[in-house]
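Q: So that we are looking at the same thing, I have put the structure below in structure tokens.
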Amino acid sequence: MDFGSGLCNFPPWCNGGEWVMGRRNEVDRLVQEMEHEMRLLGIWSSIPPSAEALASEFPFCYDTLQFDQWLQWVFLPRIHAVLDAGAALPAASDIAPLAEVWFIEQEMAQEAARLVGLIRRFDQVISGQ
């Protein structure tokens, strides 16, 4: 039975399972904080991208969405769905470098520092660091 860490195949009632549940709880907290921070920054949109834009086959939908759109409409819903279903978390994540570059390009690096820090922490938790 795989509980999603790639490092721990223990049932949830043992210590490894406690670590997995703690990891899931931290991921849940991080995605909630990311959403909150996006709202504070004014980059949370009530208007979804088109179905065509969301159907991109490119990583991060880079050909059809801005990074903040991808984060809101693709990434966060996928992580929420994984958590809600009790499914395995990704084995690794490395989103922070893209976030850093995008916010620098948007001239929002200072304002978005907390959001980038949350994304970096997400990467670390997912990657087992």
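Q: Any residue at all in region 24-36 that's without any contact (Cβ under 8 Å) to a residue 12 or more places away in the chain, more than 14 Å from the chain's Cα centre (by Cα) and farther than 18 Å from Q124 by Cα?
A: Start the filter on region 24-36 by keeping residues that are without any contact (Cβ under 8 Å) to a residue 12 or more places away in the chain, which leaves 25, 29, 32, 36.
Subset that is more than 14 Å from the chain's Cα centre (by Cα): none.
The answer is no; no qualifying residue exists.
Q: Moving to a separate point now. In this structure, does F60 turn out to be on the phi > 0 side of the Ramachandran plot, surrounded by 11 or more Cβ atoms within 10 Å (Cβ to Cβ) and out of contact with any Ser or Thr (no Cβ under 8 Å at 6 or more places or on another chain)?
A: Values: on the phi > 0 side of the Ramachandran plot: yes; surrounded by 11 or more Cβ atoms within 10 Å (Cβ to Cβ): yes; out of contact with any Ser or Thr (no Cβ under 8 Å at 6 or more places or on another chain): yes.
It is true that F60 is on the phi > 0 side of the Ramachandran plot, surrounded by 11 or more Cβ atoms within 10 Å (Cβ to Cβ) and out of contact with any Ser or Thr (no Cβ under 8 Å at 6 or more places or on another chain).
Q: Quickly run through region 63-83 and pick out the residues that are over 12 Å from the mean Cα position of the chain (by Cα) and of a type in the set (V, I, T).
A: Correct list: T64 only.
Q: State yes or no: is A109 part of a loop (DSSP other than H, G, I, E, B), more than 23 Å from F58 (Cβ to Cβ) and touching a helix residue (DSSP H, G or I) at 6+ places or on another chain (Cβ under 7 Å)? Steps first, answer last, please.
A: Working: part of a loop (DSSP other than H, G, I, E, B): yes; more than 23 Å from F58 (Cβ to Cβ): yes; touching a helix residue (DSSP H, G or I) at 6+ places or on another chain (Cβ under 7 Å): yes.
So A109 passes the test.
Yes/no matrix, rows are residues, columns are (1) surrounded by 12 or more Cβ atoms within 10 Å (Cβ to Cβ); (2) among the polar types (S, T, N, Q):
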site: Q32; (1), (2): yes, yes
site: S50; (1), (2): no, yes
site: S56; (1), (2): yes, yes
site: W73; (1), (2): yes, no
site: A91; (1), (2): yes, no
site: I95; (1), (2): yes, no
site: A99; (1), (2): yes, no
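Q: Suppose we filter V101, V82 for residues that are closer than 20 Å to H36 by Cα and of a type outside the set (S, T, N, Q); which single one remains? Please lay out each step first, then the result.
A: Details: V101 fails: closer than 20 Å to H36 by Cα.
Only one candidate qualifies: V82.
A quick yes/no check of all residues on (1) farther than 18 Å from I119 by Cβ; (2) in contact with a helix residue (DSSP H, G or I) (Cβ under 8 Å, 6 or more places away or on another chain):
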{"position": "M34", "(1), (2)": "no, yes"}
{"position": "L41", "(1), (2)": "no, yes"}
{"position": "E52", "(1), (2)": "yes, no"}
{"position": "D63", "(1), (2)": "yes, no"}
{"position": "D68", "(1), (2)": "no, yes"}
{"position": "F75", "(1), (2)": "no, no"}
{"position": "D84", "(1), (2)": "yes, no"}
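Q: Next question, about the same structure. Taking the options A99, A91, name whichever one is within 13 Å of the chain's Cα centre (by Cα) and modelled with pLDDT under 95. Show your work before the answer.
A: Values: A99 fails: modelled with pLDDT under 95.
Going through A99, A91 in turn, just one is within 13 Å of the chain's Cα centre (by Cα) and modelled with pLDDT under 95: A91.
The values are calculated or read from the model by the stated rules, or taken from the named source; none is laboratory data. Keep in mind that what you see is a predicted model, and the values were worked out from it rather than measured. Cβ coordinates were reconstructed from backbone atoms using ideal geometry, including for glycine residues, and neighbour counts include every protein chain displayed.
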